[in-house]
Every structure is written in structure tokens, then in C-alpha cells.
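Where a number appears in this text, it was derived from the coordinates with a stated rule and is not lab data. What you see is a predicted model; the values in this text were computed from it and never measured. Neighbour counts are summed over all protein chains in view; Cβ atoms, including those assigned to glycine, are modelled from backbone coordinates with ideal geometry.
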Amino acid sequence: MDVIIGRFRHEHQPVVEQLIQDGLRDRWGDDFDPAFNQDVLDIQGHYVDAGAVVLVAELDGRIVATGTLSIDGPNGEIVRVSVASTHRRRGLARMMVDALIESARAHSLERVRVATDTPWRSAVALYRSTGFTEVCADETNTHFELML
């Protein structure tokens, strides 16, 4: 699998927006409400222009995964990791998280945080497997951090 991970470009907006919303729709089902996700309507303005690192993974010229590292001083937060439903269970989410961690190191960050919904067992397992330590959890959310 020849996956190319690169930086988000403005022309990626429609595909990345759809990828994220499709992933949320898959997770939330009938409870999905795109109104709660206004940030994905303008990834350039909301994330890139604010200094975040937004990555996309391409396979055969098609964007199949994305993820974002928001940067706040010495800390970072991973958000909006999503993989196309047709390409899940192939290690793409792990590749994306690893690439975001490398970006955090390149920016000399001290710590990276991430939160996910506790019922999303695959996401919880992903962050544990990539070296994150659980800092708190309840039936709704699980919060992790990785010291760099």
C-alpha cells in the first residue's frame, strides 16, 4: 500500500470535509448533526491559518484519511482524525497519528493531547497503541496525553 501523507491544501477542502462528516455520520448514525461541526466547513481558516498542521493521506491519488494537530504554545492536540469507510482496518489511522506525532516533535512540542468518545473502542485502542496515556475517562469521553 503506497500511501502518501502530505499537507492539506485549500483544494482538498471538499473531499476532507466530506471524509470527516462521513466518519462522524458512521459513528453517530441518526444522532449525527453537521451543525455541531462548523469547523470542518473551513479547514483552511479554522485550522491551517491558526497554525495547525492538517495532513491528508492519499492512496492512488485519492484522499482516504486526514488528521489535524492544533498547536498551543508547547502543547498540541490531535483532532479530526478520519479514515474513509472503504479503507478502514488497514492501519491508516495509525499512520496518520504517527505522522501527527512526528509533526509535534518537529515543532518541539512538549505534550500532545487527544480526546475521543469512550464508546468508540477502536479510537480508544488506537491512542493507547500509539503510546498515549489515559489521563481521565468517563462513560462519554476518554482523554489521553503523550509526553514528547
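Once every Cα of the chain carries one equal point scatterer and solvent is ignored, give the base-10 log of I(q)/I(0) from the Debye formula at q = 0.20 Å⁻¹, two decimals.
Each listed q maps to, in turn, -1.40.
Using 0.36 nm per residue, how much length does the chain from Asp33 to Asp49 gain when fully extended, once their Cα-Cα distance is taken away?
Values: separation 16, 0.36 × 16 = 5.76 nm, distance 2.54 nm.
Here the answer is 3.2 nm.
Sum -39500 (n - 2.57) across every DSSP H segment of at least 4 residues in the chain, then divide by the residue count to get the 222 nm mean residue ellipticity, nearest 500. Walk me through the intermediate numbers first.
Numbers: 4 runs with 44 residues, N = 148.
One gets -9000 deg cm²/dmol as the mean residue ellipticity at 222 nm.
Are there trypsin sites (Lys or Arg not before Pro) in segment 38-104 that DSSP puts in a loop and that have at most 10 other Cβ atoms within 10 Å, and which ones?
Working: sites: Arg62, Arg80, Arg88, Arg89, Arg90, Arg94; in loops: Arg88, Arg89, Arg90.
Loop-located and lightly packed - Arg89.
Assigning unit charges at the beta carbon (Lys, Arg +1; Asp, Glu -1) and nothing else, what dipole magnitude in debye, to the nearest 20, does the chain show about its Cα centre?
On the way: 15 positive and 23 negative charges, 112 e Å.
For the chain, the charge dipole is close to 540 debye.
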